[in-house]
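For reference, the structure is listed below as structure tokens.
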Amino acid sequence: MIDLRSDTVTRPTAAMRRAMAEAEVGDDVYGEDPTVNLLQEKAAELFGKEAALFVPTGSMGNQIAVKLHTKQGDEVIIEERGHIFNYEMGTPAVVSGVMIRPVRAANENGLLTWAEIESAIHINQPYYACPTGLICLENTHNFGGGSVMSANETSEICQKAHALNLPVHLDGARIFNSAVAQFETVANLTKDVDSVQFCLSKGLGAPVGSMLLGKKDFIAEARSWRKRFGGGMRQVGILAAAGIIALEESPKVLHLDHENAKRLAEGAANIKGIKIDAEKVQTNIVIFDVSETGKTSAEICSRLKESGILAIPFGKAIRMVTHYDVSRDDIEKTLGELQKILET
Ligand code: TLP
């Protein structure tokens, strides 16, 4: 199978499996797992943040941050296609008692400008509006097509938010893809955010795990919330060992996924009825519109599946995500099959 549904489908590398087998472990609920502690130290150092916490999933990292930055009845500003709003099971409402204020970015890439955020902020409006408690950004923006926000854009938003006493959380599930695409460091991309979550289990290829980073006090409290969420694991150094390899080795090869995504987008753009601007594909996510092909996205995906290719239909579009288990030959095969389905 050529699995383009997501970069979450990667299997651990041989080096990860070896490291997992040999990992030194302890009870992480007591803070005594040396491999988890090492991963947390390495991540904090790489991002230039005071502290880091290993969490089982990106969703848990995001939701702990939402919980800690807000109080019940607050509103959280987020781009309309954002993951925290659309794909985390309504947890902000369930767990934090907050409202989401979705804001549609004018740019199709899903990246909000400060002007767009500012127009949705509610402060000092007692008796009417739900007060804004948090701004969430997403870099890369998944359903904006893997688009990247620059360090300057991020810092500008953070500084203006901080001037209004508003914290900023970054869903950086794929922040390393963003950094590689921009020849930037993850530290620069996240330097002014109050907290950032990134995933070891997406393009970086670890089997499980995400990291939440921020100030020492924030991470100490996050540790308690992780326990409340049921995420206090024990000899989890087994997983952190793979995470260390993901953190240190995988960013070096992410550019290959980006090159494959670009080729996929360029090839798809030449197929009858498919609409995509390949110029705008910056990382490993390719979303193309199939509404003018005469077939639905579901039909196309089910035909692809018959040829051993998996992709996800989203309304009138199809998403394909490249990762290290997808080769250039797989991309060419996918383009060939798409052409067969749509042009013959
Ligand atoms: N994204 C998954 C699906 O949930 C859509 C995918 O296949 O892309 N933030 C962002 C930006 C994400 O893309 C994801 C996962 C998460 C958070 C959540 O991570 P997990 O799955 O570890 O909870």
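The values are calculated or read from the model by the stated rules, or taken from the named source; none is laboratory data. No experiment lies behind these values; they were computed from the predicted model shown. All Cβ positions, even for glycine, are placed from backbone atoms using ideal geometry, and neighbour counts span all protein chains on display. Surface areas here come from the heavy atoms of the whole protein model, side chains and all, with no ligands, DNA or RNA. Shrake-Rupley method; radii C 1.70, N 1.55, O 1.52, S 1.80 Å.
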Could you please tell me which pairs satisfy a Cβ distance under 7 Å, a separation of 6+ or placement on different chains, a first residue in region 116-128 that is in contact (Cβ under 8 Å) with a residue 40 or more places away in the chain, and a second residue that is assigned to a helix (DSSP H, G or I)? Ile117/Ile157
So which pairs qualify, if the first residue must be in region 1-13 and open to solvent by 70 Å² or more (accessible area, probe 1.4 Å), the second must be away from the ligand (no atom under 15 Å from the Cβ) and not charged (D, E, K, R), the Cβ gap must be under 7 Å, and the two must be at least 6 apart or on different chains? Met1/Gly308
Counted residues, region 314-344 - those being touching a strand residue (DSSP E or B) at 6+ places or on another chain (Cβ under 8 Å) and not small (Gly, Ala, Ser): 13
Kindly provide the set of residues from region 112-147 that are within 13 Å of the ligand (Cβ to nearest atom) and either surrounded by fewer than 17 Cβ atoms within 10 Å (Cβ to Cβ) or not small (Gly, Ala, Ser) (or both), ordered by number. Cys136, Leu137, Glu138, Asn139, Thr140, His141, Asn142, Phe143
Criterion first (assigned by TED's automatic domain parsing to the domain that holds Asn139 and over 23 Å from the mean Cα position of the chain (by Cα)) does Ala19 satisfy it? yes
All-but-one check, Val321 against (1) closer than 26 Å to His141 by Cα; (2) β-branched (Val, Ile, Thr); (3) open to solvent by 50 Å² or more (accessible area, probe 1.4 Å), failing number (3)
Among the strands (runs of 3 or more DSSP E) contained in region 281-344, which hold 1 or more residues that are in contact with a Cys (Cβ under 9 Å, 6 or more places away or on another chain) and in contact (Cβ under 8 Å) with a residue 12 or more places away in the chain? 312-314, 317-321
Determine whether region 17-24 contains at least one residue that is more than 12 Å from the ligand (Cβ to nearest atom) and touching a Phe, Trp or Tyr at 6+ places or on another chain (Cβ under 8 Å). no
Which of (1) within 16 Å of the ligand (Cβ to nearest atom); (2) over 30 Å from Asn86 (Cα atoms) does Asp33 not meet, given it meets every other one? (1)
Among the residues of region 51-63, are any under 21 Å from Ala161 (Cα atoms) and either out of contact with any Asp or Glu (no Cβ under 9 Å at 6 or more places or on another chain) or open to solvent by 50 Å² or more (accessible area, probe 1.4 Å) (or both)? no
The conditions are (1) within 16 Å of the ligand (Cβ to nearest atom); (2) under 24 Å from Asn152 (Cα atoms); (3) among the polar types (S, T, N, Q), and Gln63 fails exactly one of them. Which is it? (2)
Among residues of region 92-104 being assigned to a strand (DSSP E or B) and under 16 Å from Leu137 (Cβ atoms), the residue least open to solvent (accessible area, probe 1.4 Å) is Val103
Kindly check whether there is at least one residue in region 108-115 that is among the aromatic types (Phe, Trp, Tyr), at pLDDT 95 or above and more than 18 Å from Asn165 (Cβ to Cβ). no
Filter result for the condition that a residue is under 25 Å from Asn86 (Cβ atoms), modelled with pLDDT under 95 and touching a helix residue (DSSP H, G or I) at 6+ places or on another chain (Cβ under 9 Å), over Phe288, Phe314: Phe314
Out of (1) assigned to a helix (DSSP H, G or I); (2) hydrophobic (A, V, I, L, M, F, W, C); (3) open to solvent by less than 60 Å² (accessible area, probe 1.4 Å), the one Val253 does not meet is (3)
In the list Leu68, Leu4, Leu46, Leu38, which residue meets the criterion of being within 24 Å of the chain's Cα centre (by Cα) and within 16 Å of the ligand (Cβ to nearest atom)? Leu4
Of the residues in region 221-249, those that are small (Gly, Ala, Ser) and buried (at least 23 other Cβ atoms within 10 Å of the Cβ) number 7
Exactly one of these conditions fails for Gln182: (1) within 15 Å of the ligand (Cβ to nearest atom); (2) closer than 18 Å to Thr283 by Cα. Give me its number. (1)
From Arg234, Arg226, residue being assigned to a loop (DSSP other than H, G, I, E, B) and under 26 Å from Pro12 (Cα atoms): Arg234
